[in-house]
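Worksheet: the structure to be examined is printed underneath.
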Amino acid sequence: MSPEYQPSLLSNADLRAAEVSWAYQQVPQAECSAAELADWQQRVHQFQRQVQGDGPPSQGSLFDLAASAPETSPDPVFAIDPFTLSPRNAEFWREQFDDVGNAALYFVVDHALPILLYVGETVKANQRWKGTHDCKRYILNYVSAHRRHDRTVAVNIGFWPHPPADRKARQALESALIRRWRSPFNKENWRFWGTPFVGGKEPGT
């Protein structure tokens with residue numbers, strides 16, 4: 001696939017499966033230097049800044065989410081700005097909650113630049129990361145690289161609490177956002193940014 005995303009003739013499910021299969025065949029990279037870390041961040045940051053300034057295409061969204069929102073509502077693929085969501089500490093899941101929370105889309109953001117690192121969806125927002133989740137390891141490795149090179153880092157999580165109630169529609173929206181922003185911790189986008197923060201064991205919960 002070229003650096004500029006082109007629509008695929010495969011279904012969303014087939015394309016995602018192919019991308020994840022490709023991602024698991026990749027060998028994690030060695031620890032990056034300060035210069036490599038800075039260059040990696042700037043490439044992601046510059047791409048996402050461009051995306052942030054883009055509006056919806058004139059022909060409309062390629063993703064049919066009409067069943068989950070009124071026709072007059074803006075396409076959430078373009079309406080959601082992950083950088084404007086209220087940030088919460090990335091270890092929010094260690095807190096005590098009175099309920100499990102509602103369905104939501106969530107976005108892991110390093111507000112130091114800023115860059116969007118990961119896009120996910122959940123049916124129980126307050127419990128999403130209490131169990132095993134690879135992204136916890138990626139965040140730990142990412143933050144550790146910054147500490148090692150004495151660079152500023154501010155990783156937080158933001159929740160968008162208005163996703164489609166239907167899980168398939170919610171996952172379709174998640175996939176569309178992953179493709180739009182090319183969030184580097186999502187396996188679908190490893191081919192664009194590499195895997196400098198994938199290695200090692202998941203932190204204990």
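Structure summary
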read-out	value
Qualifying residue in segment 119-127 (condition: within 20 Å of Val51 (Cα to Cα), in contact with a strand residue (DSSP E or B) (Cβ under 8 Å, 6 or more places away or on another chain) and at pLDDT 60 or above)	yes
In segment 135-183, the residues that are in contact with a strand residue (DSSP E or B) (Cβ under 8 Å, 6 or more places away or on another chain) and farther than 16 Å from Tyr106 by Cβ	Tyr142, Val143, Val153, Ala154
Extreme residue, modelled with the highest pLDDT, among residues of segment 27-54 that are among the hydrophobic types (A, V, I, L, M, F, W, C) and assigned to a loop (DSSP other than H, G, I, E, B)	Cys32
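Let's see how each residue does on (1) assigned to a loop (DSSP other than H, G, I, E, B); (2) in contact (Cβ under 8 Å) with a residue 12 or more places away in the chain; (3) surrounded by 15 or more Cβ atoms within 10 Å (Cβ to Cβ); (4) in contact with a Pro (Cβ under 6 Å, 6 or more places away or on another chain):
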| position | (1), (2), (3), (4) |
| --- | --- |
| Leu140 | no, yes, yes, yes |
| His146 | no, yes, yes, no |
| Arg151 | yes, yes, no, no |
| Arg170 | no, yes, yes, yes |
| Leu177 | no, yes, yes, no |
| Arg180 | no, yes, yes, no |
| Glu188 | no, yes, yes, no |
| Thr195 | yes, yes, yes, yes |
| Gly199 | yes, yes, no, yes |
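The values are calculated or read from the model by the stated rules, or taken from the named source; none is laboratory data. Here the structure is a predicted model, which is why all the values come from computation and not from measurement. Don't worry about glycine lacking a Cβ; one is built from the backbone with ideal geometry, like all the others, and counts go over all protein chains shown.
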